[in-house]
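Trainee: Before we start, here is the structure in question, set down as structure tokens.
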């Protein structure tokens, strides 16, 4: 898929979105780990639910996505919040090193970008990551296995960070309950 085709695909998807953006579950459930102040990034933000969440908590926040439609929708929601939404291809133009206190990544996976994401955290900074896994109980998420995590792979993608929280329930136990089809990670860059 070309860059233009990829951008058009996401523009169409966000143009048809009916629901308001939601923050990632991993961020909501672990918000007690957030710093009281600092800088945040919602990387590949889509409609920017996690970026809004960070900005509402006082972090100076950036939200980047390939889709101009998503960024326009997010800019209409920001009001006076400290949120800067920009169209940015994060694969071609990844975040700069030592820039953010918090980075959120949701339902986006580019394995080659992981070391750049970790390096973009300031010492002590936190990564909140949540995306789809290969072990799933239904057809939600991408059909292409390239965009899904193998069991425990999310832990392996960020070896330079300290794990503070991890969840990947796979198909264990009652598949109708719990957090399924996705993995979650909160990890910190060492001081």
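Trainee: Among 4, 28, which comes first, second and so on when ranked by fewest other beta-carbon atoms within 10 Å?
Mentor: Working: 4 8, 28 13.
By the 10 Å Cβ count, ascending: 4, 28.
Trainee: Hey, another quick one. Before anything else, pin down the relative contact order of region 3-188: Cα pairs under 8 Å, at least 6 apart, normalised by residue count, whole percent.
Mentor: Details: 374 pairs, mean separation 32.6, N = 186.
Rounded, it is 18 percent for region 3-188.
Trainee: While we're looking at this one, here's another question. Which three extents, in angstrom, do the Cα atoms of the chain have along their principal axes, listed largest first?
Mentor: Projected onto the principal axes, the Cα atoms of the chain cover 45, 41, 29 Å.
Trainee: While we're here: Share of antiparallel DSSP beta bridges in region 52-191, in percent to the nearest 5? It would help to have the intermediate numbers written out before the result.
Mentor: Details: 12 of 24 bridges.
Looking only at bridges with both residues in region 52-191, the antiparallel portion is about 50 percent.
Trainee: Further question: Would you mind estimating how fast region 23-66 diffuses translationally, via Stokes-Einstein at 10 °C and 1.306 mPa s with the Kirkwood radius over Cα pairs, in µm²/s?
Mentor: On the way: Rh = 10.3 Å.
The estimated diffusion coefficient comes to 154 µm²/s.
Trainee: In Å, the Kirkwood hydrodynamic radius of region 115-191 over pairs of distinct alpha carbons? Before the final figure, lay out the partial values.
Mentor: Values: mean 1/r = 0.0757 Å⁻¹.
For region 115-191, the Kirkwood estimate is 13.2 Å.
Trainee: Right, another one. As a check on your grasp of the helix formula, calculate [θ] at 222 nm for the chain: sum -39500 (n - 2.57) over DSSP H runs of n ≥ 4, divide by the residue count, round to the nearest 500.
Mentor: On the way: 6 runs with 48 residues, N = 191.
Taken over the chain, the calculation gives -6500 deg cm²/dmol.
Trainee: Provide the FRET efficiency to the nearest 0.05 for the residue 3-residue 28 pair, computing r from the beta carbons and using R0 = 45 Å. Intermediate results must be reported in sequence, preceding the final value.
Mentor: On the way: r = 32 Å, r/R0 = 0.72.
That pair, residue 3 with residue 28, gives E of 0.90.
Values in this text are rule-based calculations from the coordinates and carry no lab data. Keep in mind that this is a model prediction, so the values were computed, not measured. Don't worry about glycine lacking a Cβ; one is built from the backbone with ideal geometry, like all the others, and counts go over all protein chains shown.
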